[in-house]
Structures are given as structure tokens and as C-alpha cells.
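Engineer: The structure is given below, and queries will be raised subsequently.
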Amino acid sequence: MVGRKDAGRESVEPESVRRESGGLGRRGFLGYVLAAPVLVAGAELAPARAAGGDSAGNGAAGADLLLDLNSVMTAAALPTAHLITVEVGQDGVVSFALPRTEVGQGVTTSTAMLIAEELDVPLERVRVTLADARPELLFNQLTGGSNTTIATYLPIRVAAATARSRLLDAAAGVLGAPAAALVLSGGLVTAPSGRRVGIGELSARASADRTARVAVTLKPDKDFRVIDTPRTRVDALDAVTGRKRFTMDLDVPGAKPTMVCRPPTINGRVSTVDNLARVRAMPGVTDVAVVSTGVAVRAQTFGQCVDAVRALRVTWRPGPVGGRSEAAVLAELRAAEPPLGPAPPLTQTVEDVFTFHFRGNSALEPNCAIADVRADRAEVWSALKSPIVAKKEVAAKLGLPPSAVTVHVVEGGGSFGRKLFCDAALEAAEASRAFGNKPVKLMWHRADDCRQGRVHPMSTSRVRLSHLGPVVLGYAQRHSSVRTDFGHGLGELLTAMAARLPLGDAAFSQTFFHLSQAMPYEFGVTTRLLGEAEAGGGFNTGSMRGVYSPDVTCARELVVDRLARKLGQDPFRFRLGKLREERARAALLKAADVAGWGRSMPAGTAQGIALHAEYHSAVAVVAEIDCRPEVVGRRVRDAVTGPRVTRVVVAVDVGLAVNPSGLRAQLTGAASDGIALALTSSLHLRDGHFLEASWDDYAYTRQWNTPLEVQVVVLPGDGRPPGGAGELGVPAVMAAVACAYARATGTDPTVFPINHGVLSFTPKPTVPPVPASPDDGAARAE
Amino acid sequence: MPEHTFRLNGEPVTVTAPDDLRLLWVLRDLLGLTGPKYGCGIAVCKACTSHLNGRAVTPCSVPVGALGPEDEVTTIEGLAGEGGLHPMQRAWLDLDVSQCGYCQPGQIMAAVALVRRVAAEGRAVTDADLDGIRNVCRCGAYPRVREAIRAGGEAMRDSPDRGLPTG
């Protein structure tokens, strides 16, 4: 794969690049052509560029613009942007190994669109794959923070434009016409004479025998024919025919199904195994071995792994969470809350504290990885959003140099934060080694994913608004969270960038908290502080589609609603009068307008409105909820029903929307997530373990909770470069649903999700750790 | 170990496996058909939904020993004829339903079975029918799934798969 090569590249002189790029105009950039037998082009991007009106003009954050997390991440990726390259094959197919991970968010499609646009090739002739772990990319191979499009928009376009420029030059020689007179369209170059040549035929001629710099000008936004048009996902056909391959679908020779028998409490350890020999002799079982997370079994089929896991008799040592229940964690969170201090004198206040319970961030594809470990090397396949960290950690686990470990990044079946971590890859490597260097296809059972997988930390958020009549004088928020694990590379990135940040040497989590939180309202003196509870240090945490933002925003918007109510003002008009930015104002107005804000609704139903700005984007949401008894009590077989969100209207401004269809999908999915967070989805911690063990227990949004109407209005980007969208919608939907619930029921909810107090299922046993599969499926055919 | 013969996507197959091995693992681990996905193993997420004699089942809860030579198992790979697409798959593409794609084979197989079932009852798909679909989509694409089922159901009326149970 050419994307991995960097041999033959000239050394880069950042200063000279910076100097040269100053004279290129706002769409002018430097690309380079790599020494290779076919055309391979990359981008040179200086760390700072002047702002301009075109979407290309102000995409790269300069060192003086490090105001938020996405600017930091983008700046951290820039110095290695030249290492990612577009290749034009002799078959006319353009290939690009994206150093990010596709987990459903649509980045393979949007990336293919950028290349198709700038290179004027049909979208179906662009092949985007996922790059293996490439340590030389440093901080430019981390998929998180909704940063992919923000950080890669310019480098990918510049690389494609460089290829285009070289192809036209090569065609000039072939067609006997000046390059300026040639037209490149649909993968063909046409001369004024009508003579044509395909880009595949031109590739070798356009290649370079030594690396060369090329000045290129990007296509102006007004000429876009692919970008900003809705496109079906490039993998849609494979997805609907069952041909799309996820990690567990790969055929790696000798890699047999492997599962781990796990402890009854979080991160417990094996003490003794009473029946190893008996389980080793079970049908289909090839290997059984103790590993750091439990007892690993390898068999001919996963069904036999399940049987073996259930048959193991293990004595366990408890994990660091011990026998804690959530009441104890809540007490620790209260104790960790930074002090709020006294309210300003002579002011009135609205204040409350909100509790957000643990949530599971499992994707539908469980944690899984294939590992083939040999004495002196290892190869790993998994959906990894931080593959460089995975490579280092697998190497450390095996005692191998990182160069002896190959990490292949596979498209994932969802992530939501989970795949920032490489838990399954590490475990697969360990198991492969423990079995005497045999390849394994390791998968977590769903019950493992629920009970031992990563969780979105439980948190509390105290908010105080100080005001004198309608004038808001101060906003204070004290967020207290079980410690969030940033060990997936983002912490490393922030450390590396620390000298350029205004926050000194604050801990990763503090830095992240401050960089990711913005205040959209003019609320006077604003202070926000994060407190962290260690809670024994034993929870496996990770963010879920937004780190602090969903809970922080939900708490803020609920208190904003309360102040509006106290002042006798409409929640929409009150917000409109306090907004600081025109983008947020336009989004709020559009959402209210499309939803028909304020329309008359029956008692027990209501609208809620909320706003969120992050990832260089802004979003406003109106949610309508039905809390009437006949709806709350509706019966669907084995379902958690309750209040139903009947309609969600989203108005979103992400700047330039590369693929409006993909953007709508992200916001629709965020609606499902926000509804779940506000109403139904949480984990219950009792006696050191989570009660939930599968999708029947963990009440993520299902069809019976889905709004009958979801409208996503994409606002014009006004020439701004693309912002992030993957996590953007979740906080606003969660908050809008919470506000709607409060208004429909005339209550002030403070605990989320609102049904957390009612356990809707009978907990499954923790020993054995996984349930048996039912055997009556044929009788339940429908 | 016992042998089991059944029909799979139109062809007879014979596998050697324990009676109680669930069909999902026979398909995935022994026969290499990876369209049906694992999501829970206890018939609650429906990611593995396939058809048994034209009706939706979760292979994770069907022991292979329960199948006989006349039983027809259809997975996503066998839903459409050679080289073509089933109308439900086309509807899925037209509405750009999928995100990560992991639940999509199961969603489509459940949708086809639902349309066939309501057609056999001589009625159209209702919101209550759609509310009753149990397939988890963790990307939250539910509204587009609903749209696609209605569109695909319409298209099925004019296709060889007229929405009548085949078994």
C-alpha cells in the first residue's frame, strides 16, 4: 500500500514552506509528488495560514488559534499531513489509505468525495481503505473528537489537486496541447482536438523518479459538483448484501474462535481454576489458558466457546471496584465536586445538581480482534481508532519491539467511543501467546461487553445561574465525574501540544474539559470546573459519543429553562435574547420555525428546545414528547416503553457539509442516542457489578421509542470549512428531550435517565458469566 | 459427531456438528457465511436474523439438530437471486439507510419477513408493526429503517417476492 511509504521523500523544511505558501493565495497550497513508479501525491501544509472566504482558506488552525479541542487536534495532525498520499493506479482507480477508522460515521465516503471532487474522477473509481498503524504519523492517526473531516479536509484535497496537476502536465505531452487547454473530467483528459487519454494511462508518465514540490490551486467552492451533494455510502451495497467484512468475518488461516470466561465483579482476577482438564477435553475445544482478564478458551466454533466458558469452575479475586454500588459512587462524586463558592451578593439564583448514571458505550459489534502471535512477531486485526497506541501496547504486552507488530485497521460495526481503546486486541495477543502462539479470533460475549466493557462515567453536574431580574450576571457549573480514561492517545496528544495551550500543566481530563466546553449564551461571568472521583480507580471508562458534553449541556439547558420559567419568559425567546453568536442564533431560529415552536399541544405533551456548539459547528433541537398515561403505559412485548418522543427537529450548521446525506444520518443517530440518554439508557451498579448483561436489559432506543418524525435541516455553511458532526447532535437532543419532559410533566427532573429508578428486567446471573443461547428459535419464527 | 442436512440459500448442505450447536455458528464458523452477525447470542438483538422456511428466526437460538433435509434456511446472501438485489435491498440503497452496516443484514431479513407476514394477513404495514421490530441499530438509523420498509414493501408487491410466505 503506497500510503505507508515515505521512502524517497525529501526532507521537509517547515520554515521555507511557510514562507513559500504565503504567496500562493488563499486556495493555493504546496503538494508534492513522491518518487514511485505510478503517480503518488501528498500535501505539504504549513502550520499556519491566513483566513479567507473560501472553505479552503481558514481550515488549518494556526498556533495562535488553539482555542478548542478540534483546533488542537488539527494542529497536531498538520506536521505529518504530507505523509498521507493519493495514488493513481494504471487501471485508472485512485487509491487512498485513510489514516482514520470507519466505524459507521461515513468518513470513507466523505474522503472518496473529496478526492473525486478535486481530481475529477467518478466517485466509484476512488477506493478508500484504512491504513495500518503507522507510528510515523504521530498524532495523525487518531479517530476521535469528531475531528476527521476537520483535520483531513485540506490535506486530502491538496494531495488530489497535486495528482490532478501532474496528470494534466503528463497529458499535455501525450495529447500535444498545453496543459491549460486540457479538460480533466470523469477520469479522462480531453484536448481541444477531441483526443482523449485516461488517467490510468497517464499515471506512470505523471509519476516522479525523485520527490518534487508542486504548487497547486484548489477548486473554488462554487465549482463543487461532488462535495456538498448527498451521496450514498460507498459501502452501502456491501452492507445490504452481507458482503461487508468486519473483523470477525475475516478469514485468517488458523485463527479459531476464542472467548474469555470473566469474573463476576468488575476487573476481578483468576485465583484458581478447578476443572481446566475437563474443559480442555470438551467437544471442539482446542486450548484453555489463564490470562490477565480471565480464562481464555479456543474452540472450533464460538458456540463451543460459550459452552466451555459456562463450564469453567473458577475461583475469583474481587477487582478494585470491590462491592461498591452506585449510591457509594454518588457519595464519592459529591465529595469530589469542586466548591461553588458563595453567590454574588444581592443577586437571585437558580441552582440545582443533576445526576447522570453510568452508561454502556457498546457498539452492536462486540469488542473483538484477531491476533496471530509468533515467537518474534505479531499481527493483529481489529477496528481501532487509535492504532498507533494499540501497536505500542501489544508490543509491550508481548515483549516485542513495536516494529515487530503489524496492526491492521478493520472497519468497525459502530464505536461510540469504545474503539478508541484496544482492549480486545491486547487480550487476543495475550491469548494467542498463552495458547503457545496459535492464531485466535477473539470475541467478547455481549454479556462481557455490558459487564466488563468500558462505560461512560457516572457524573453529577451542579449549575448556578445568578441574575438580577432578567439580567444574567453569572453562570457557574461544577461537574464531577468518575475518572475518564484518556489512555488512548488523546492524552498523549494533549501532552505533546501542552506548551502551545493556555492551560499550563493541567491533567489531561482538565485540559480536555476546558477545551471541549463552550458557552453559547451571554451569561456574564462564567466558571466551569471539573472534579474527578477515582471510585477505587477500578472502572473501565471511556467516553460515549461526546465526553463531558452531553451531561454538561443537559444540566445547563435545564437550568436555563428554569430561569426562563421563573422570569415568565418563553424558553425559546429567552435563549434567543442571550445568544452570543449569529450561527447559533440562526440554528435556534430555524429549529423553532420548522418545529412550529409554541404551537398548542394537549396536556401531558410538550416541546423542549436546546442548543449546543462544539467541533466548529452549532446545532439547535426541538423535541416533542408525549407523557400521557396511555402512551407511557403502552405495551410492547418485552419492551421498555415510557414517555415517547414523537418528533425531533434538528437545525445544524457544520460549515461546509461534505456529504449532506451522511450528515443527516449522523444527526438522526444522535437523536436516538439523546433520547436514550434522557429517558431509558443506563447501567445499574450493584455489589461490584453492572446488572445489565445484554440488549434486552440495556434499554438503548429501539423502534418502539423512535420518533415518528425526525427532520434534519442542514443550514448553509457560508463558506466555512467543515466542522465536526459525529458527536455534535447528542448533547442538544438529550437536553431538548429532558426540557420537553420537564415541561410536559410539570416536574424538575434531576436524575438521568429519568427511568433509572425502575429496574425493567430480571438480572442475569454473573456465574457463569454468559447466558446460554436459547434453543427454541424455530418455534418463535415470525 | 452427527451429520445434518438442510437446504441453505437454495442448495442442500450437509455439515458435521453437535446437535445443539446453534445454526449461527454452523453458518459462520463451519460454512463461512458471514452475513448473519453476532450481537447477543440470546435472540434479543436480532443481528443474525435469517429466514427459516420464509419466516424470520435468529440462528443464534436454533440448534442445527432441529433442522431436517426439507428445511430451507435463507441468509442475507441468498435473499436475492443470482447477481440481483431484492426490492428491500434496493429500498435500503435508495434511502441510504445503513451507517456502520453491522445490523443491516438482520434488519433487511426482518423487514422482508414482516412485509410477507402482513401481506398474508391482507393488510399494509402499520406504525405498530414497525414499533414491534426488535432489531437493534446502535447507530440509531431507525427512522430510515422505517421509511425503507414501507418503500421496500411497496416494491415487493410488483416483484417475484410478492410478500407471500414461501414456506
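The values are calculated or read from the model by the stated rules, or taken from the named source; none is laboratory data. Worth saying up front: this structure is predicted, and the values here are computed from it rather than measured. Ideal geometry is used to build each Cβ from the backbone, glycine not excepted, and the neighbour counts take in all protein chains shown.
Engineer: Residues of the range A:707-730 being among the hydrophobic types (A, V, I, L, M, F, W, C), part of a loop (DSSP other than H, G, I, E, B) and surrounded by fewer than 19 Cβ atoms within 10 Å (Cβ to Cβ), which ones?
Structural biologist: Within the range A:707-730, A:Leu708 is the sole residue that qualifies.
Engineer: Among the residues of the range B:136-161, how many are more than 8 Å from every other protein chain (Cβ to nearest Cβ) and not aliphatic (A, V, I, L, M)?
Structural biologist: Residues meeting the conditions: 10.
Engineer: How many residues does the range A:715-747 contain that are among the acidic types (Asp, Glu) and under 14 Å from the mean Cα position of the chain (by Cα)?
Structural biologist: 1
Engineer: Among the residues of the range A:488-495, is there at least one that is free of Cβ contacts under 8 Å to residues at least 60 places away in the same chain and of a type in the set (S, T, N, Q)?
Structural biologist: yes
Engineer: Let me ask you something else. For the range A:89-138, give me the residue count where each residue is touching a strand residue (DSSP E or B) at 6+ places or on another chain (Cβ under 9 Å), of a type in the set (A, V, I, L, M, F, W, C) and part of a loop (DSSP other than H, G, I, E, B).
Structural biologist: 4
Engineer: Considering only residues that are at the interface with chain B (Cβ under 8 Å from one of its Cβ atoms) and assigned to a loop (DSSP other than H, G, I, E, B), look in the range A:696-706 and name the one that is farthest from A:Val758 (Cα to Cα).
Structural biologist: Filtering first and then ranking leaves A:Thr706.
Engineer: Within the range A:260-316, work out how many residues are away from chain B (no Cβ under 14 Å) and among the acidic types (Asp, Glu).
Structural biologist: So the count comes out to 2.
Engineer: Kindly list the number of the only condition in (1) surrounded by fewer than 24 Cβ atoms within 10 Å (Cβ to Cβ); (2) assigned by the TED database to the domain that holds A:Pro602; (3) in contact (Cβ under 8 Å) with a residue 12 or more places away in the chain that fails for A:Val767.
Structural biologist: Among (1) surrounded by fewer than 24 Cβ atoms within 10 Å (Cβ to Cβ); (2) assigned by the TED database to the domain that holds A:Pro602; (3) in contact (Cβ under 8 Å) with a residue 12 or more places away in the chain, A:Val767 violates only (2).
Engineer: Go through (1) among the β-branched types (Val, Ile, Thr); (2) assigned to a helix (DSSP H, G or I); (3) more than 9 Å from chain A (Cβ to nearest Cβ) for B:Ile108 and report which single condition fails.
Structural biologist: (3)
Engineer: Can you give me the number of residues within the range B:84-105 that are surrounded by fewer than 24 Cβ atoms within 10 Å (Cβ to Cβ) and within 7 Å of chain A (Cβ to nearest Cβ)?
Structural biologist: Result for the range B:84-105: 2.
Engineer: Residue check, A:Ile115 against (1) farther than 25 Å from B:Asp96 by Cβ; (2) among the hydrophobic types (A, V, I, L, M, F, W, C); (3) modelled with pLDDT of 95 or more, all met but one. Which one?
Structural biologist: Going through (1) farther than 25 Å from B:Asp96 by Cβ; (2) among the hydrophobic types (A, V, I, L, M, F, W, C); (3) modelled with pLDDT of 95 or more one by one, A:Ile115 breaks only (1).
Yes/no matrix, rows are residues, columns are (1) in contact with a Ser or Thr (Cβ under 6 Å, 6 or more places away or on another chain); (2) more than 11 Å from every other protein chain (Cβ to nearest Cβ):
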{"position": "A:Leu663", "(1), (2)": "no, yes"}
{"position": "A:Thr668", "(1), (2)": "no, no"}
{"position": "A:Ile675", "(1), (2)": "yes, no"}
{"position": "A:Arg686", "(1), (2)": "yes, yes"}
{"position": "A:Ser694", "(1), (2)": "no, no"}
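Engineer: Ok, one more. Just one of (1) touching a residue at least 40 places away in the same chain (Cβ under 8 Å); (2) not assigned by the TED database to the domain that holds A:Ala170 trips up A:Ile227, so point out which.
Structural biologist: The failed condition is (2).
Engineer: Does A:Ala395 satisfy the criteria of being hydrophobic (A, V, I, L, M, F, W, C) and closer than 30 Å to A:Val350 by Cβ?
Structural biologist: Considered against the rule, which asks whether it is hydrophobic (A, V, I, L, M, F, W, C) and closer than 30 Å to A:Val350 by Cβ, A:Ala395 comes out as no.
Engineer: Further question: Can you name the helices (runs of 4 or more DSSP H) wholly within the range A:484-589 that have at least 2 residues being of a type in the set (Asp, Glu)?
Structural biologist: Passing ranges, in order: A:549-566.
Engineer: If you go through the range B:21-36, how many residues are at the interface with another protein chain (Cβ under 7 Å from one of its Cβ atoms), farther than 16 Å from A:Thr247 by Cβ and either part of a helix (DSSP H, G or I) or not charged (D, E, K, R) (or both)?
Structural biologist: Residues flagged as at the interface with another protein chain (Cβ under 7 Å from one of its Cβ atoms), farther than 16 Å from A:Thr247 by Cβ and either part of a helix (DSSP H, G or I) or not charged (D, E, K, R) (or both) within the range B:21-36 amount to 3.
Engineer: Then there's this: Might you check whether a residue that is more than 7 Å from chain A (Cβ to nearest Cβ), in a loop (DSSP other than H, G, I, E, B) and closer than 25 Å to A:Trp695 by Cα occurs anywhere in the range B:47-58?
Structural biologist: Among the residues of the range B:47-58, at least one is more than 7 Å from chain A (Cβ to nearest Cβ), in a loop (DSSP other than H, G, I, E, B) and closer than 25 Å to A:Trp695 by Cα, which makes the answer yes.
Engineer: Can you confirm whether B:Gly41 is on the phi > 0 side of the Ramachandran plot, buried (at least 17 other Cβ atoms within 10 Å of the Cβ), part of a loop (DSSP other than H, G, I, E, B) and within 8 Å of chain A (Cβ to nearest Cβ)?
Structural biologist: Yes.
Engineer: Against the definition (under 30 Å from A:Asn267 (Cβ atoms) and within 13 Å of chain B (Cβ to nearest Cβ)), how does A:Pro763 come out, yes or no?
Structural biologist: Against the criterion (under 30 Å from A:Asn267 (Cβ atoms) and within 13 Å of chain B (Cβ to nearest Cβ)), A:Pro763 does not qualify.
Engineer: Let me ask something else. Take residues that are not β-branched (Val, Ile, Thr) and tell me which of the strands (runs of 3 or more DSSP E) falling wholly in the range A:186-247 contain 3 or more.
Structural biologist: Here the list reads A:212-217.
Engineer: Another question, if that's okay. Among the residues of the range B:114-125, is there at least one that is touching a helix residue (DSSP H, G or I) at 6+ places or on another chain (Cβ under 6 Å), at the interface with another protein chain (Cβ under 9 Å from one of its Cβ atoms) and either free of Cβ contacts under 8 Å to residues at least 12 places away in the same chain or among the β-branched types (Val, Ile, Thr) (or both)?
Structural biologist: No; the residues of the range B:114-125 include none that is touching a helix residue (DSSP H, G or I) at 6+ places or on another chain (Cβ under 6 Å), at the interface with another protein chain (Cβ under 9 Å from one of its Cβ atoms) and either free of Cβ contacts under 8 Å to residues at least 12 places away in the same chain or among the β-branched types (Val, Ile, Thr) (or both).
Engineer: Could you list, in sequence order, all residues of the range B:66-82 that are surrounded by fewer than 11 Cβ atoms within 10 Å (Cβ to Cβ) and closer than 15 Å to A:Ala781 by Cβ?
Structural biologist: Scanning the range B:66-82 gives a single hit, B:Gly68.
Engineer: Residue check: is A:Lys419 basic (Lys, Arg), crowded, with 22+ Cβ neighbours inside 10 Å, within 14 Å of another protein chain (Cβ to nearest Cβ) and not in a loop (DSSP other than H, G, I, E, B)?
Structural biologist: So A:Lys419 passes the test.
Engineer: Could you say whether any residue in the range A:736-746 is away from chain B (no Cβ under 14 Å), out of contact with any Gly (no Cβ under 9 Å at 6 or more places or on another chain), surrounded by fewer than 18 Cβ atoms within 10 Å (Cβ to Cβ) and over 29 Å from A:Leu114 (Cα atoms)?
Structural biologist: Scanning the range A:736-746, I find at least one residue that is away from chain B (no Cβ under 14 Å), out of contact with any Gly (no Cβ under 9 Å at 6 or more places or on another chain), surrounded by fewer than 18 Cβ atoms within 10 Å (Cβ to Cβ) and over 29 Å from A:Leu114 (Cα atoms), so the answer is yes.
Engineer: Just one of A:Ala375, A:Ala371 is surrounded by fewer than 22 Cβ atoms within 10 Å (Cβ to Cβ), aliphatic (A, V, I, L, M) and more than 14 Å from chain B (Cβ to nearest Cβ); which is it?
Structural biologist: After applying the criteria, what remains is A:Ala375.
Engineer: Then there's this: May I ask you to list the residues in the range A:223-254 that are closer than 22 Å to B:Thr75 by Cβ, among the polar types (S, T, N, Q) and more than 7 Å from every other protein chain (Cβ to nearest Cβ)?
Structural biologist: A:Thr247
A quick yes/no check of all residues on (1) among the β-branched types (Val, Ile, Thr); (2) free of Cβ contacts under 8 Å to residues at least 24 places away in the same chain:
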| position | (1), (2) |
| --- | --- |
| A:Gly568 | no, yes |
| A:Arg583 | no, no |
| A:Gly596 | no, yes |
| A:Met601 | no, yes |
| A:Ala610 | no, no |
| A:Ala613 | no, no |
| A:Val650 | yes, no |
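Engineer: Still on this structure: So, A:Glu393, is that one free of Cβ contacts under 8 Å to residues at least 40 places away in the same chain and either within 26 Å of the chain's Cα centre (by Cα) or within 14 Å of another protein chain (Cβ to nearest Cβ) (or both) or not?
Structural biologist: yes
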